[in-house]
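Next up is a structure, given as structure tokens.
The values are calculated or read from the model by the stated rules, or taken from the named source; none is laboratory data. The structure presented is a predicted model; accordingly, all values stated were derived computationally and were not measured. Backbone-built Cβ (ideal geometry, glycine too); neighbour counts: all protein chains shown.
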Amino acid sequence: MAYDAIHDKMKEECGVFGIWAVGKSEEAANFTYLGLHALQHRGQESAGIVSTDGRALHVHRGMGLVAEIFNAETLAKLPGGAAIGHVRYSTAGASHIKNAQPIAVQYAGGAVAVAHNGNLLNAESLRAELEAQGSIFQTTSDTEVILHLMARVAPEGVAPGSTAHHAASVRAALKRVSGAYSVLFLTEHALIGARDPYGFRPLVLGKLKESWVLASETTALDLIEAQYVREVEPGEMVVIEDGGLRSERLDAPQRRRLGRCVFEQIYFARPDSILFGRSVHQIRAAFGEQLAKDHPISADVVIAVPDSGVPAAIGYARASGIPYDMGLVRSHYIGRTFIEPQQSIRHFGVKLKLNAVRSVLDGKRVIVVDDSIVRGTTSRKIVKMIRDAGAKEVHLRISSPPTVWPCYYGIDTPNRQELIAATHTVDEIASYVTANSLGYLSIEGLYAALGEERLGYCDACFTGNYLLKFPQARPAMPLRLVGG
Ligand code: SF4
């Protein structure tokens, strides 16, 4: 399954977490375990932690959810005061332990582990070049390309194993890659974090007493009671050692044109996160308010497709004056068994996850708010479910523009032909999902609600305006390189 077909959503591919504890605390792996737990929504197929006690790197990775992979016994085997961790969602064919991260290796510069969120666009050509020079790859992940590039660097005037050597190798490797990366490196003596110059994927910096923390989202900081300090800036590299934190730029001046993923604000990030310096919940509610202005309709009740549609539905209700109620209830107890069901039970997928509340919907004109439509199959089932619960009318409102282009920057999307909005008009989609009306947030409405310039964001999956070139033909699996 190339994406989350039951829920008909594009999928975030990875989350990263790292902690550098000043002093000799042995807690780093435990904090990382908690941090990964708070980032579980960013990847559910594999997870891993690499820790260091200053003498060696210690690794544990596995397939499954964070709570399934780690227990007191495995965490006890990850000693030391610093660690990085990774959660990963993989595409078909690449769901294998060998692609789980962090990847830990020994190279001329010493021991290093890497955890990556994003997707490198020139990974295939770099890999071909490196293989021609004799490199042997252990994974099909693009992330490993960074390690091989690091191994080819011979920085002058710095001792192998020193932080200066590692930092110079990282700097040189990242100069050669193009694409989306929020990436963490752990050595025996330092934690290094970097974000690509466009800032496609998020990365935040936090502080827990004297320890520095790096994480994909602030929810990971909240869980361990760390303070949010700031974002790692697009194009910034931070090097954290016992002596403190040092920041440098990977590119020359800070560019005005950024590519922060606007879909993180719409759907991927948790609503309790501060993302790109803003409250995700507040922004989603503002999308809903704008949607109510752009696509008003007379109705009796506003409901959400839970959980991701809730903030926008609250905003829609607030702006329209129509009461918000809980018309759909989500089951939180679906195991991963149902993430990839057999065809015979796939029909029940949506019903397993959602159920309609007849007392809210019976005899009502209903506005149902969701964050996005990918193929439309789930929306159709949800509209039917609402009608079956007695709704007189069902008006579907989407708090993002139509998704018409695939993502190449670290989000797993189906082929363009499978994106319903790429091949159908809004009226045709409304007819397919059997809604009385359908309204999407416009791209202008999106930025009006954000209150920010388009120059700060990537919106390529809505506009086709790709900020970085990508290979024209994606090779068939399993050769496709997938991001972390
Ligand atoms: Fe995000 Fe869409 Fe850009 Fe991908 S193409 S980075 S999902 S806004």
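For the stretch 365-376, which positions are within 26 Å of His281 (Cβ to Cβ) and more than 16 Å from the ligand (Cβ to nearest atom)? Write out each step before concluding.
Our first condition is that a residue be within 26 Å of His281 (Cβ to Cβ); within the stretch 365-376, this holds for 366-374.
Correct list: Val366, Ile367, Val368, Val369, Asp370.
Now, a different point. Just the residues that are assigned to a strand (DSSP E or B) and surrounded by fewer than 18 Cβ atoms within 10 Å (Cβ to Cβ), please, taken from the stretch 134-176.
Here is the first cut: in the stretch 134-176, the ones assigned to a strand (DSSP E or B) are 141.
If the condition is that a residue be assigned to a strand (DSSP E or B) and surrounded by fewer than 18 Cβ atoms within 10 Å (Cβ to Cβ), then no residue fits.
Could you please find all residues in the stretch 403-417 being assigned to a strand (DSSP E or B) and crowded, with 23+ Cβ neighbours inside 10 Å?
Quick first cut of the stretch 403-417, residues assigned to a strand (DSSP E or B) only: 411-412.
Correct list: Ile411 only.
I'm checking my understanding of the structure. Among residues of the stretch 242-275 that are among the hydroxyl-bearing types (Ser, Thr, Tyr) and within 16 Å of the ligand (Cβ to nearest atom), which one is surrounded by the fewest Cβ atoms within 10 Å (Cβ to Cβ)?
Looking at the filtered set, the residue picked out is Tyr267.
Another question, then. Do we have any residue at all in the stretch 118-126 that's farther than 25 Å from Gly15 by Cα and over 29 Å from the mean Cα position of the chain (by Cα)? Quick ask: steps written out before the conclusion?
In the first step, residues of the stretch 118-126 are kept if they are farther than 25 Å from Gly15 by Cα; the result is 125.
Add one more test, that the residue is over 29 Å from the mean Cα position of the chain (by Cα), and what stays is none.
Scanning the stretch 118-126, I find no residue that is farther than 25 Å from Gly15 by Cα and over 29 Å from the mean Cα position of the chain (by Cα), so the answer is no.
Ok, one more. When both residues are 6+ apart or on different chains and their Cβ atoms are under 6 Å apart, which pairs have a first residue that lies in the stretch 189-208 and is in contact (Cβ under 8 Å) with a residue 12 or more places away in the chain, and a second that is more than 16 Å from the ligand (Cβ to nearest atom) and of a type in the set (Ser, Thr, Tyr)?
His189/Thr163; Ala190/Thr163; Val204/Thr218; Gly206/Tyr228
In the stretch 403-450, what residues are more than 12 Å from the ligand (Cβ to nearest atom) and acidic (Asp, Glu)?
Glu418, Asp427, Glu428, Glu444
Please tell me if Glu225 is in contact (Cβ under 8 Å) with a residue 12 or more places away in the chain and out of contact with any helix residue (DSSP H, G or I) (no Cβ under 8 Å at 6 or more places or on another chain).
Values: in contact (Cβ under 8 Å) with a residue 12 or more places away in the chain: yes; out of contact with any helix residue (DSSP H, G or I) (no Cβ under 8 Å at 6 or more places or on another chain): yes.
When the stated conditions are applied, Glu225 passes them.
Next up: Going residue by residue through the stretch 206-218, is there one that turns out to be farther than 27 Å from Ala29 by Cα, crowded, with 19+ Cβ neighbours inside 10 Å, within 16 Å of the ligand (Cβ to nearest atom) and among the hydroxyl-bearing types (Ser, Thr, Tyr)?
No, the stretch 206-218 has no match at all.
Please tell me if Ala391 is in contact with a Lys or Arg (Cβ under 8 Å, 6 or more places away or on another chain), away from the ligand (no atom under 16 Å from the Cβ) and more than 30 Å from Leu121 (Cβ to Cβ).
On the way: in contact with a Lys or Arg (Cβ under 8 Å, 6 or more places away or on another chain): yes; away from the ligand (no atom under 16 Å from the Cβ): yes; more than 30 Å from Leu121 (Cβ to Cβ): yes.
So Ala391 fits the description; yes.
List pairs: first residue in the stretch 92-113 and polar (S, T, N, Q), second residue surrounded by fewer than 20 Cβ atoms within 10 Å (Cβ to Cβ) and modelled with pLDDT under 95 anywhere in the structure, Cβ distance under 6 angstrom, at least six positions apart or on different chains.
Asn99/Thr139
For the stretch 362-380, name all the residues that are outside any strand (DSSP E or B) and not polar (S, T, N, Q). Walk me through it before giving the result.
Taking the stretch 362-380 as the starting set, the residues that turn out to be outside any strand (DSSP E or B) are 362-364, 371-380.
Asp362, Gly363, Lys364, Asp371, Ile373, Val374, Arg375, Gly376, Arg380, listed by residue number.
If you don't mind, another one. When you check Ile303 against the structure, is it at pLDDT 95 or above, buried (at least 21 other Cβ atoms within 10 Å of the Cβ) and either away from the ligand (no atom under 16 Å from the Cβ) or not basic (Lys, Arg) (or both), yes or no? Please lay out each step first, then the result.
Details: at pLDDT 95 or above: yes; buried (at least 21 other Cβ atoms within 10 Å of the Cβ): yes; either away from the ligand (no atom under 16 Å from the Cβ) or not basic (Lys, Arg) (or both): yes.
Spelling it out, Ile303 is indeed at pLDDT 95 or above, buried (at least 21 other Cβ atoms within 10 Å of the Cβ) and either away from the ligand (no atom under 16 Å from the Cβ) or not basic (Lys, Arg) (or both).
Just for the stretch 451-460: of the residues that are in a helix (DSSP H, G or I) and modelled with pLDDT under 95, which one is farthest from the ligand (Cβ to nearest atom)? Steps first, answer last, please.
Applying the first criterion (in a helix (DSSP H, G or I)) to the stretch 451-460 yields 454-456, 460.
Checking the rest, the ones that are also modelled with pLDDT under 95 come to 454-456.
Values: Arg454: 11, Leu455: 14, Gly456: 12 Å.
Here the answer is Leu455.
Consider the stretch 431-450. How many of its residues are without any contact (Cβ under 8 Å) to a residue 12 or more places away in the chain and under 16 Å from Arg278 (Cα atoms)? Can you show your working first?
As a first pass, look at the stretch 431-450 and keep what is without any contact (Cβ under 8 Å) to a residue 12 or more places away in the chain: 431, 444, 447.
So of that shortlist, the ones also under 16 Å from Arg278 (Cα atoms) come out as 447.
Going through the stretch 431-450 one residue at a time, the tally reaches 1.
Any idea which of Ser379, Ser400 is at pLDDT 95 or above, within 16 Å of the ligand (Cβ to nearest atom), crowded, with 20+ Cβ neighbours inside 10 Å and within 26 Å of Val357 (Cβ to Cβ)? Before the answer, list the steps.
Working: Ser379 fails: within 16 Å of the ligand (Cβ to nearest atom).
Residue meeting the stated conditions: Ser400.
Can you run down the residue pairs with Cβ atoms below 6 Å, 6 or more apart or on separate chains, where the first is in the stretch 161-188 and without any contact (Cβ under 8 Å) to a residue 60 or more places away in the chain and the partner is part of a strand (DSSP E or B) and buried (at least 22 other Cβ atoms within 10 Å of the Cβ)?
Val177/Leu120
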